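Below is one structure, written out as C-alpha cells; the observations come after it.
The values are calculated or read from the model by the stated rules, or taken from the named source; none is laboratory data. The shown structure was predicted, so the numbers you read here are calculated from the model rather than taken from an experiment. Cβ atoms come from the backbone with ideal geometry, glycine included; neighbour counts cover every protein chain shown. SASA here: full protein model, heavy atoms, side chains in, ligands and nucleic acids out. Shrake-Rupley method; radii C 1.70, N 1.55, O 1.52, S 1.80 Å.
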Amino acid sequence: MPPSCGGGVARLGVSAQCWWMSSFDRVDAPDREQTKQGWRLLTRVLLEQRSGLVSGVVVGLLWSAGKVSVPEITKLGIDRGIEGNGTLLFWSGLVVAAAVVAGLFTAFRRWVAFRESRWIETRLRERIFDHLLRLHVGYHDRTQTGQLMSRASSDLQQLQAFVVMIPITLSNLAMIIAVVVLLFMAQPFLALVALAPLPFLNLLASRFSRRIHPAVLAVQQEQAQLATVVEESVSGVRVIKGFGAEGVQFDKVRVEADDIQRVSLEAARIRSRYLPALDLLPALGLVAVLGIGGHRVIDGSMTVGDLVKFNAYITMLIWPLRNIAMTVALAQRASVALMRVNEVLSAESAVSDPDLAVDLPRRSERTDVGAVRFRDVTFAYEGADPVIAGFDLSIAAGEAVALVGATGSGKSTIVRLLTRFHDVASGSIELDGVDIRRLRLSDLRSSIGIVFEDTFLFHDPVRENIAFARPDAPESDIERAARLAGAHDFILELPDGYDTILGERGYSLSGGQRQRIAIARAIVADPRVLVLDDATSAVDPSKEHEIREAMATVMRGRTTIVIAHRPGTIALADKVVLLDEGRAAAIGTHDDLLASNERYRQVLAAWAVRDEDGDDDAPAPGPDVAATLVERGRAVRQSADEDVV
C-alpha cells in the first residue's frame, strides 16, 4: 500500500479508500498486471458514464446531509423541547421532516446506483460479445465455450454488484467524514475513544483482502468449469443418450459441483473468520462512549441531548463501516471478474481488417465475378506440420470445382483460408484479382456463401434462418431461394409454414431438410463464390439426389467450390482437383481422373468403404475392391446425371 494508507482517526477517509483498493494492491505479482489492466478497463467504462455516476454521488451527498442533520435536530429537541421551554411538537416535526428527506434520497440514490451499474454491465456484455465475434476462429477452437459464457454472465454479475456500491460507498464515506468532524468538534476526547478501533479495522480488512482474493478466484474458475460441462452435456445430449452415457456426464457434473462446494466453503470460512470482527470493532467504540459519556452527563459536563446526539452519530457510523467491509469483499470478486473479462477483451485477433482496404470489382452484365486464385499457398495449424504446402489453383468466374482427397488432406482447410478463418503462412489467395488480405473481412465473407457439412440452424422461424445473411430480404427472395433449394414444398407442410420456429439446431427437421434450408440461406446471401463443404455427407445416400438437384440448380453460372467424395456430387463440377499431402496432385474431369489416376480411384474407393461401413478410419481398399467400387461409382454418376437432367 502507499504510505498514505496508514491507520488513525485523522485518516479515516483515506483508510477506508485503502480498504477498498486493497484488492488492487494485495494480489500476487504474476496477476498484478492483469488486475491493473482490469481496473483500467472498469475506469474507462465508468468515465463513459461519468454524468450518471456524478448524479448518483450528488444524490448520495444530499442523502448524507439529511442523515447527518437528524441527530443534531434530535439533540436540540431534547435540550430545548424537553429540558427547556421550547415546543416539543416543533422539534419533533423537524426530525420527521429530516428523516423523510433522507428516506427520499435513499430511494433515489439506490435507483441511480442500480441504473448505472446495469448500464455498465450491459455495455461490457455487448463489448464482450462483439469482441468474441471479431476474434479469429482459432481462438474459439482452443477456448471452452463454458469459460466464455461464464465471463459474459456470472463474472459481469459480480462486477455489477461492485459497481452498484460505488455511489453508495462514496456517499457513506462522505457521511463518515462529516460525522467524524462533528464528533471532534463536539467532544474531541470522546471522539478519539469512539474511533480508536479504526486502525485495527484497517489492519483486519487488509488481511481479509489478501486471504479472500485467491478463494474468490477459485470459486469463479470452478463455476466456469461447471458451465463448460453443462454446456457440452446439453449440446451433446443426443450423443450422450445414444451411448447411454448419462451416468458418465452426471459424474462429471457432480465432480465440478463438489469442487464448487469445496472452494465456496473455503471462501465462506474466510468470511466467517473476518467479517464478525469487522462488525464488532465499531461497536466497541459505542460501548466506550456509553460508559464515559454517561459519567459526563452525571457530572454535568454534557447534556442529555449531547449524549444522545453522540450515540446517534456513533450508531450511524456502524452501517457505513460495515458497508465498506462488504465493498472490500465485492471489490475482490470484481477484481477477479475484471481480470477474467479483460483476458477476453485483450485477446487480439490473428485475422483483422487491413489498414487500407480496397473494394472488390463491382458486378455488371459485362463483367463476370467470382474468380479465385491460390498462389503457392502454405499453411500449418499452430504447433503442427503444414497441412497445405505449395497449393496452386485457378478457378475461373462461374466455374465449378470439386476438391477431392483423403481425410486430413486439407480440403476444409482450403475453405477456411479462402474465408480468412485463418491466414496463409506464405503465398496468397485472390478473389477477382484482389488479395483477400486487402479486403475488409465483412466484404470478403459476404462475397462467399458456405453450406457447411454440419448444418447449424438457429432457434428462429424458418424465414429468419433462410434470410440470416440478409435480414431485410423481401418475402419473394426468401421463397425463391427456398424453391431453388428444393425446400419450399416441405416448408409449407410445416405447422406454421415459413413462420415455424425450428428446434435446437434445427433437429426437428431431417438431415436433408436442414441441408436444403442451408442451401437456401446461401442463395439469399447471393455470394460471388459458393462453397459446398461436403454438404451431402450427412445425408443418407438414398436421399442424396434430392440435395444434389438443389445443388445443381444453385451452382449454375456461379463460381462454386464443392468438397465431396461421392461420385454423383463430384460429377456436378466442371473439373476435379485431387488434394494429396497439401498439394493439387491432379486436376481434370471426374471421368479423366477416374480413368488415369490410381490415387484418385483409391481415394474414392476408400470413401465408398467408409460410407458403407460407417468407419472413418477404415483402411484403403486393395486394387480389386477399388475397381469394383469405381464401377459402382460410374453407375451412381450416370444415375445422378439423369436426375439432374
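Before moving on, here are some points about what is shown:
- Residues of the range 339-370 satisfying the condition of being in contact with a Lys or Arg (Cβ under 9 Å, 6 or more places away or on another chain) and among the hydrophobic types (A, V, I, L, M, F, W, C): Val341, Val344, Leu345, Val351, Leu356, Ala357, Val358, Leu360, Val369
- Qualifying residue in the range 108-130 (condition: within 51 Å of the chain's Cα centre (by Cα) and farther than 30 Å from Leu159 by Cβ): no
- One residue from Ala573, Ala550, Ala586 being part of a loop (DSSP other than H, G, I, E, B) and either at pLDDT 75 or above or over 21 Å from Ile414 (Cα atoms) (or both): Ala573
- For Met339, the conditions (1) under 30 Å from Arg40 (Cα atoms); (2) part of a loop (DSSP other than H, G, I, E, B) are fulfilled apart from (2).
- Any hit, the range 307-319, residues being in contact (Cβ under 8 Å) with a residue 60 or more places away in the chain, closer than 30 Å to Leu132 by Cα and either in a helix (DSSP H, G or I) or in contact with a His (Cβ under 9 Å, 6 or more places away or on another chain) (or both): no
- Number of the exception - Arg420 against (1) in a loop (DSSP other than H, G, I, E, B); (2) open to solvent by 20 Å² or more (accessible area, probe 1.4 Å): (2)
- Complete set of residues in the range 171-211 that are outside any helix (DSSP H, G or I) and not small (Gly, Ala, Ser): Gln187, Pro197
- For the condition under 21 Å from Gln144 (Cβ atoms) and surrounded by 15 or more Cβ atoms within 10 Å (Cβ to Cβ), Thr228 qualifies.
- Checked against (1) open to solvent by 10 Å² or more (accessible area, probe 1.4 Å); (2) within 15 Å of Arg521 (Cβ to Cβ), Leu441 meets all criteria but (2).
- In the set (1) open to solvent by 50 Å² or more (accessible area, probe 1.4 Å); (2) modelled with pLDDT under 85; (3) assigned to a helix (DSSP H, G or I), the condition left unmet by Asp130 is number (2).
- Condition broken by Ser426, with the remaining ones in (1) touching a strand residue (DSSP E or B) at 6+ places or on another chain (Cβ under 8 Å); (2) within 29 Å of Ala605 (Cα to Cα); (3) free of Cβ contacts under 8 Å to residues at least 60 places away in the same chain satisfied: (2)
- The number of residues in the range 579-606 being open to solvent by less than 20 Å² (accessible area, probe 1.4 Å) and touching a Ser or Thr at 6+ places or on another chain (Cβ under 9 Å) comes to 7.
- Neighbours by Cβ (under 9 Å, 6+ apart or cross-chain): first from the range 579-592, farther than 13 Å from Thr378 by Cβ and touching a residue at least 40 places away in the same chain (Cβ under 8 Å); second among the basic types (Lys, Arg) and open to solvent by less than 30 Å² (accessible area, probe 1.4 Å): Leu579/Lys411
- Filtered residues of the range 341-375 (kept if over 19 Å from Leu133 (Cβ atoms) and touching a Phe, Trp or Tyr at 6+ places or on another chain (Cβ under 7 Å)): Phe374
- Looking across the range 242-279 at every residue that is outside any helix (DSSP H, G or I) and of a type in the set (A, V, I, L, M, F, W, C), the one that is nearest to Gln225 (Cα to Cα) is identified as Ala245.
- Residue within the range 170-187 that is over 28 Å from Met302 (Cβ atoms) and open to solvent by less than 10 Å² (accessible area, probe 1.4 Å) present: yes
- Qualifying positions in the range 444-456 - more than 18 Å from Ala525 (Cα to Cα) and either crowded, with 19+ Cβ neighbours inside 10 Å or at pLDDT 90 or above (or both): none
- Residue pairs meeting the criteria (Cβ under 6 Å; at least 6 apart or on separate chains; first assigned to a loop (DSSP other than H, G, I, E, B), in the range 449-462; second open to solvent by 20 Å² or more (accessible area, probe 1.4 Å) and small (Gly, Ala, Ser)): Glu453/Ser537
- Residue check, Glu72 closer than 22 Å to Met165 by Cα and open to solvent by less than 80 Å² (accessible area, probe 1.4 Å): no
- Residue within the range 303-316 that is open to solvent by 30 Å² or more (accessible area, probe 1.4 Å), touching a Phe, Trp or Tyr at 6+ places or on another chain (Cβ under 8 Å) and of a type outside the set (A, V, I, L, M, F, W, C) present: no
- Filtered by the rule that a residue be surrounded by fewer than 17 Cβ atoms within 10 Å (Cβ to Cβ) and closer than 22 Å to Leu330 by Cα, the range 133-151 gives a lone residue, Met149.
- Qualifying residues in the range 374-389 (those that are open to solvent by less than 70 Å² (accessible area, probe 1.4 Å) and at pLDDT 90 or above) - the one farthest from Arg556 (Cα to Cα): Ala380
- Selection from the range 481-509 of residues that are within 18 Å of Asp526 (Cβ to Cβ), part of a helix (DSSP H, G or I) and in contact (Cβ under 8 Å) with a residue 24 or more places away in the chain: Ala481, Ala482, Leu484
- The range 284-302, residues that are open to solvent by 20 Å² or more (accessible area, probe 1.4 Å), closer than 17 Å to Leu192 by Cβ and either part of a helix (DSSP H, G or I) or modelled with pLDDT of 80 or more (or both): Leu284, Leu286, Val287, Ala288, Leu290, Gly291, Ile292, His295, Arg296
- Filter result for Asp392 (without any contact (Cβ under 8 Å) to a residue 40 or more places away in the chain and open to solvent by 50 Å² or more (accessible area, probe 1.4 Å)): no
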